[in-house]
Amino acid sequence: MKNFFLSLFLAITSWGCNQTVSTQKEKEDKPNVIIIYADDLGRGILGKYGQTKIATPNLDKLALQGKTFTNAYGSNVCSPARASLLTGLNNAKAPVHTPGGLVCELEAGIIDQATFDKKIYRKHNEGYYYIGEMAKSAGYHTSYIGKLGFGYSDTKEMIDSYGFDYHCGLYDAVLCWSFYPPHYRLNGKKIPIPNNPKLSKREPICPLVGKENMTYSEDIWLEHALDYLEEKKDDPFFMIYATQLPHGPASIAPKDFKYKDQEGWTKQERVYASMINKLDESVGAMLTKLEELKIADNTVIIFTSDNGHEIQSYTTVNPQYKDPDIVYDYESNSFDQSKVKPNKEQMYWDGHQRGEDIFNGTLGRRGMKRYNFEGGLNIPYIVKWPGMVKPNSESNLMIADYDIMATVSDIIGGEMKPNDGISILPTFLDQDDQKEHDYVFFKCTTGSAQDVIIKDGWKLINELDTKNSDYTTKEKIYSWALYNLNDDPFEKQDLASQFPEKVEEYQRLIDKENNAKVLYK
């Protein structure tokens, strides 16, 4: 009898241990996923991609521990990029954002609730399948922190409908211009921020350097993110950390003004560099937290941005900021409007870089944010997954912002529905079965350059004819230009007249995308 009870005890103990091992194995088979989504960060701003003036040690370390992509594309402005991130659709098919500023107007008393409800595009976002929903289908807890939703005007109900269990941040892109907002939202609840400027008009107050008693929004987002990691360390989670950094107008807290004594820079440039340092420190804090919680080895980190570099973040530019077109002073190679004399002929910028940006955030590529040239579309993209992604590796695979949803789905086993993305997990893992895009496509409605398609190293773009367009009358003339990016990455030689058959072929593909049926669930 004694031997019987001993055998029974050992059997029960063995079963319990096996159950524990099984539970641990199941958790390990479900890696956590964090997408760190920067705002207006061009590739050239990071040390890994060649930056020499601003130190980014934590992001450089992330790159050394993971894989860096050198041919990644975002959209040319924030909202279409965020729509592609959330749906896996290119921006001809993805939902249309609500105009920004509505939350500010409501809070400032410029419009009433009825007008806000009438203008908000809730219906436009219904019927799509979102990345949060996909992650939930795989049993993940989902969170969204920082600049929320499509980046223009959203609501709690809209964020919830995208599939997020927890959210913390701002609903309005115009409010996101300021790093000192009067309040933020925590799962819909309005949380006032004492000592920050109140809203009295549509645009928030955006101090270049805040006061000591004010609260910098990035500190709030990071605190909530770290608390969330602590709370969910034992459960599979999916997080989008959508920082406002380094979107302009340039602004920094006194305690974080690292480059305030840098000689030879304007104050705006010193502030902007400090914002990049702040972003780097946030990434470092999250990496450290994951290590402390002993979940770093089971967490996939994807670091990227919505669009390319934004020179206007730290230069004196067109004071009529609502007009995305820039008056450029070709004599001084500057966006500084004080140098554009009233008696000079005002002309649109052709997008070519001439040394006006001391940080070289576009790596010399043509254009910047709002432009569908390479400087406006190229984004940093780094992935770290210990034991799975080879450290200090690199890929030149052409990828787009609408690939993120398919890739995350492949990693976590979430349910996918038809979209425009491809999973780049095989490239993460250095496998040979990587599917590639036949082409990538992006729309543009800012007026700087219209639709663009990139295929087999060729790029067709409907660009603004700056010589024949008239800035004074706002008459714009567009023409199709064709560039061979393999030979001409700076888009200087238009080959459209030499390859008319290729122009026609690519135009047909653009028409196909623009007229494609919207993919509803």
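Which number in (1) open to solvent by less than 10 Å² (accessible area, probe 1.4 Å); (2) more than 30 Å from residue 102 (Cα to Cα); (3) assigned to a loop (DSSP other than H, G, I, E, B) marks the one condition that residue 258 misses?
Unmet for residue 258, out of (1) open to solvent by less than 10 Å² (accessible area, probe 1.4 Å); (2) more than 30 Å from residue 102 (Cα to Cα); (3) assigned to a loop (DSSP other than H, G, I, E, B): (1).
Among the residues of region 261-279, write down those that are aromatic (Phe, Trp, Tyr) and surrounded by fewer than 23 Cβ atoms within 10 Å (Cβ to Cβ).
265
Could you figure out which of (1) crowded, with 17+ Cβ neighbours inside 10 Å; (2) under 22 Å from residue 136 (Cα atoms); (3) aliphatic (A, V, I, L, M) isn't true of residue 186?
Result: residue 186 fails condition (1) only.
Within region 399-411, identify whether any single residue is open to solvent by 30 Å² or more (accessible area, probe 1.4 Å) and part of a loop (DSSP other than H, G, I, E, B), and answer yes or no.
No, region 399-411 has no match at all.
Checking residue 52 against (1) open to solvent by less than 30 Å² (accessible area, probe 1.4 Å); (2) free of Cβ contacts under 8 Å to residues at least 40 places away in the same chain, which single condition isn't satisfied?
Only one criterion is unmet by residue 52, namely (1).
Quick one: which of 422, 358 is in contact with an Asp or Glu (Cβ under 7 Å, 6 or more places away or on another chain), open to solvent by 30 Å² or more (accessible area, probe 1.4 Å), part of a loop (DSSP other than H, G, I, E, B) and of a type outside the set (D, E, K, R)?
Being in contact with an Asp or Glu (Cβ under 7 Å, 6 or more places away or on another chain), open to solvent by 30 Å² or more (accessible area, probe 1.4 Å), part of a loop (DSSP other than H, G, I, E, B) and of a type outside the set (D, E, K, R) holds for just one of 422, 358, which is 358.
Specify the residue that is most open to solvent (accessible area, probe 1.4 Å); the eligible residues are those in region 425-451 that are hydrophobic (A, V, I, L, M, F, W, C) and part of a loop (DSSP other than H, G, I, E, B).
Among residues in region 425-451 that are hydrophobic (A, V, I, L, M, F, W, C) and part of a loop (DSSP other than H, G, I, E, B), the one most open to solvent (accessible area, probe 1.4 Å) is 429.
For the structure I just gave you, tell me whether residue 211 is open to solvent by 10 Å² or more (accessible area, probe 1.4 Å) and modelled with pLDDT under 95.
When the stated conditions are applied, residue 211 does not pass them.
Being among the hydroxyl-bearing types (Ser, Thr, Tyr) and part of a strand (DSSP E or B) is the filter here, so list the residues in region 361-398 that pass it.
381, 393, 395
Could you list, in sequence order, all residues of region 463-521 that are among the β-branched types (Val, Ile, Thr) and either over 18 Å from residue 451 (Cα atoms) or without any contact (Cβ under 8 Å) to a residue 24 or more places away in the chain (or both)?
472, 473, 477
Out of all the residues in region 223-254, which are among the hydrophobic types (A, V, I, L, M, F, W, C) and either over 19 Å from residue 288 (Cβ atoms) or surrounded by fewer than 22 Cβ atoms within 10 Å (Cβ to Cβ) (or both)?
226, 229, 238, 240, 242, 250, 252, 253 - these are the residues of region 223-254 that are among the hydrophobic types (A, V, I, L, M, F, W, C) and either over 19 Å from residue 288 (Cβ atoms) or surrounded by fewer than 22 Cβ atoms within 10 Å (Cβ to Cβ) (or both).
Farther than 30 Å from residue 87 by Cα, surrounded by 13 or more Cβ atoms within 10 Å (Cβ to Cβ) and under 30 Å from the mean Cα position of the chain (by Cα): which single residue out of 470, 465, 487 fits that description?
On inspection, the qualifying residue turns out to be 465.
A quick yes/no check of all residues on (1) within 30 Å of residue 298 (Cα to Cα); (2) out of contact with any Leu (no Cβ under 8 Å at 6 or more places or on another chain); (3) without any contact (Cβ under 8 Å) to a residue 24 or more places away in the chain:
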position	(1), (2), (3)
184	no, no, no
197	no, yes, yes
208	no, yes, no
214	no, yes, no
254	no, yes, no
262	no, yes, yes
274	no, yes, yes
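The values are calculated or read from the model by the stated rules, or taken from the named source; none is laboratory data. Given the structure is predicted, the values throughout are model-derived calculations rather than measurements. As a convention, Cβ positions derive from the backbone with ideal geometry for all residues, glycine included, and neighbour counts pool all protein chains shown. Ligands, DNA and RNA are stripped out before the accessible areas are found, and what is left, the full protein with its side chains, is counted by its heavy atoms. Shrake-Rupley method; radii C 1.70, N 1.55, O 1.52, S 1.80 Å.
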